[in-house]
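Novice: Here you go, one structure.
The values are calculated or read from the model by the stated rules, or taken from the named source; none is laboratory data. A quick note: this is a predicted structure, and the numbers were derived from the prediction, not measured. Neighbour counts run over all protein chains shown; Cβ positions are idealised from the backbone, glycine included. Please note that ligands, DNA and RNA were not included when accessible areas were found on the heavy atoms of the full protein model with its side chains. Shrake-Rupley method; radii C 1.70, N 1.55, O 1.52, S 1.80 Å.
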Amino acid sequence: MKRAVMIVAGLAFSAAAPAQDKFEVKVAAFVGAQHFMSQWLVKWGEKLERGSNGRLTFKHFPGAQMGPAPQHYDFARTGQADVAWFLHGATPGRFQLTELIQLPYLVGSAEIGTKVLNDSELRARYLDAEHKGIKLLMLFTHQPGGPHTTKKAIRNLDDFKGLRIRFASPTVRDLVQALGATPVGVPPTEISEQMQKGTIDGAFMDYGGVGIAFKLGGTVKYSTELYCYVTSFGLGMNEDFWAKLPPDLKKLVTDTVTGKEAEVGQAWDSLDVPGKKAVMDGGGEAIRFSAAESARVRKIGAEVSEAKVKEYEGKGMPGRAVYDQMRGLAEKHSKTSKNFWN
């Protein structure tokens, strides 16, 4: 009788405490393994593996192994990847309000940009709605960038004329064109090759991208330090994958991307110094515009921004409201964050 009671008790315990499910997380990134975000994603995954006691395991696919940059958002949406890091500008017209963050001289650092994009009110009212079909985990920007060229130095506005310059998004394209250059769309993975071939004369990029992520030291000879724009990115999870995670793992994932804006933004900004060093060590020259030329660029940037806002308003989109809210948030965060304009 006693043995029978013990058996029944054991069966009851087994039913109450089932084996915990394990989940493999496939992570897609369009940049190489040496890129800051690829490395950040690896560390993020390791943190989640430890925090879940191995219930979450990560498999990474950097370097566009799953496919080119424009497909990465849809990798997460369709479930080809469980998580994807994607470039907003890779799919023009899809994230129009989010891309306003990329307008000239709106944010002065990745820290500021990342704080602005993850503002809870801004996201709830405008930005999350543009990211349909995924569980949006976090939004990012890189540190401000400017033109980096291979043969011709840009020492004033007139030097932009005749140059073919790579852009990362429609908003940056408009700035490149307004400055007098010819904007050319080139996937991130092809920048180095197109520069070496002479298909493009340069690219609007940040120092971290030029010197570290894409290792363009030696190819880029001139870096004009405008610090005039940022590019935005997102990290998203497949909705079905998110739905099958138990509550404790959902909380664990959420905790790793909540309140991390300063940490991630500062890490992006910290790439400016070693990125510049890599370019200079490769024989590059850093160029700064005079105060008068800088003022001319800022005036053109303001005109580009106003034209974009009016374009959106003409389509019935809340371009003015979003831009003004972003600008207000940027001004607020600039008081407590790194700012490359200071």
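Novice: Residues of region 128-141 being in contact with a strand residue (DSSP E or B) (Cβ under 8 Å, 6 or more places away or on another chain) and touching a residue at least 40 places away in the same chain (Cβ under 8 Å), which ones?
Specialist: Across region 128-141, the qualifying residues are HIS131, ILE134, LYS135, LEU136, LEU137, MET138, LEU139, PHE140, THR141.
Novice: Right, here's the next one. For region 45-57, indicate whether the set of residues that are under 19 Å from GLU263 (Cβ atoms), assigned to a helix (DSSP H, G or I) and open to solvent by less than 10 Å² (accessible area, probe 1.4 Å) is non-empty.
Specialist: Within region 45-57, one or more residues are under 19 Å from GLU263 (Cβ atoms), assigned to a helix (DSSP H, G or I) and open to solvent by less than 10 Å² (accessible area, probe 1.4 Å).
Novice: Could I ask something else about it? LEU122 - would you say it is under 16 Å from ASP324 (Cβ atoms) and under 15 Å from the mean Cα position of the chain (by Cα)?
Specialist: No: the conditions fail for LEU122.
Novice: What number of residues within region 27-38 are polar (S, T, N, Q) and buried (at least 18 other Cβ atoms within 10 Å of the Cβ)?
Specialist: Count: 1.
Novice: State which residue pairs qualify: first residue farther than 13 Å from THR182 by Cα and inside region 153-164, second residue open to solvent by 10 Å² or more (accessible area, probe 1.4 Å) and assigned to a helix (DSSP H, G or I) in any location, beta carbons under 7 Å apart, and separation of 6 or more residues or different chains.
Specialist: These pairs meet every condition: ALA153/ASP159; ASN156/GLU293; LEU157/GLU293; LEU157/ARG296.
Novice: Which numbered condition in (1) touching a Phe, Trp or Tyr at 6+ places or on another chain (Cβ under 9 Å); (2) surrounded by fewer than 19 Cβ atoms within 10 Å (Cβ to Cβ); (3) among the β-branched types (Val, Ile, Thr) is the only one that ILE212 fails?
Specialist: (2)
Novice: Given (1) surrounded by 24 or more Cβ atoms within 10 Å (Cβ to Cβ); (2) under 28 Å from ALA262 (Cα atoms); (3) at pLDDT 95 or above; (4) of a type outside the set (A, V, I, L, M), where does TYR227 come up short, assuming only one miss?
Specialist: So TYR227 meets the others, but not (1).
Novice: Being of a type in the set (Phe, Trp, Tyr) and within 23 Å of the chain's Cα centre (by Cα) is the filter; apply it to region 275-324 and report the residue that is most open to solvent (accessible area, probe 1.4 Å). Show your work before the answer.
Specialist: Residues of region 275-324 that are of a type in the set (Phe, Trp, Tyr), as a first pass: 289, 312, 323.
Now drop any that are not within 23 Å of the chain's Cα centre (by Cα), which leaves 312, 323.
Details: TYR312: 8, TYR323: 28 Å².
Checked region 275-324; the qualifying residue most open to solvent (accessible area, probe 1.4 Å) is TYR323.
Novice: All but one of (1) modelled with pLDDT of 95 or more; (2) among the charged types (D, E, K, R); (3) farther than 30 Å from ILE300 by Cβ hold for GLU99; state the number of the condition that does not hold.
Specialist: Result: GLU99 fails condition (3) only.
Novice: Among all residue pairs at least 6 apart or on different chains, which show Cβ distances below 8 Å where the first residue, located in region 102-113, is of a type in the set (Ser, Thr, Tyr) and the second is open to solvent by 10 Å² or more (accessible area, probe 1.4 Å) and in a loop (DSSP other than H, G, I, E, B)?
Specialist: Here the result reads TYR105/TRP341; SER109/SER337; SER109/LYS338; SER109/ASN339; SER109/PHE340, each pair linking region 102-113 to a residue that is open to solvent by 10 Å² or more (accessible area, probe 1.4 Å) and in a loop (DSSP other than H, G, I, E, B).
Novice: Check whether at least one residue in region 14-25 is among the acidic types (Asp, Glu) and either modelled with pLDDT of 95 or more or within 28 Å of MET317 (Cβ to Cβ) (or both), and report yes or no.
Specialist: Looking for residues that are among the acidic types (Asp, Glu) and either modelled with pLDDT of 95 or more or within 28 Å of MET317 (Cβ to Cβ) (or both), one finds at least one in region 14-25, hence yes.
Novice: A further question on this structure: Select from region 215-241 the residues that are over 21 Å from PHE30 (Cβ atoms) and part of a loop (DSSP other than H, G, I, E, B) and list them in ascending order.
Specialist: Answer for region 215-241, where residues must be over 21 Å from PHE30 (Cβ atoms) and part of a loop (DSSP other than H, G, I, E, B): GLY218, LYS221, GLU225, LEU226, TYR227, CYS228.
Novice: In addition: Which ones in region 242-274 are without any contact (Cβ under 8 Å) to a residue 24 or more places away in the chain and either surrounded by 17 or more Cβ atoms within 10 Å (Cβ to Cβ) or in a loop (DSSP other than H, G, I, E, B) (or both)?
Specialist: THR258, GLY259, SER270
Novice: Can I ask one more? Only residues that are in contact with a Leu (Cβ under 9 Å, 6 or more places away or on another chain), open to solvent by 10 Å² or more (accessible area, probe 1.4 Å) and aliphatic (A, V, I, L, M): list them for region 184-194, please.
Specialist: none
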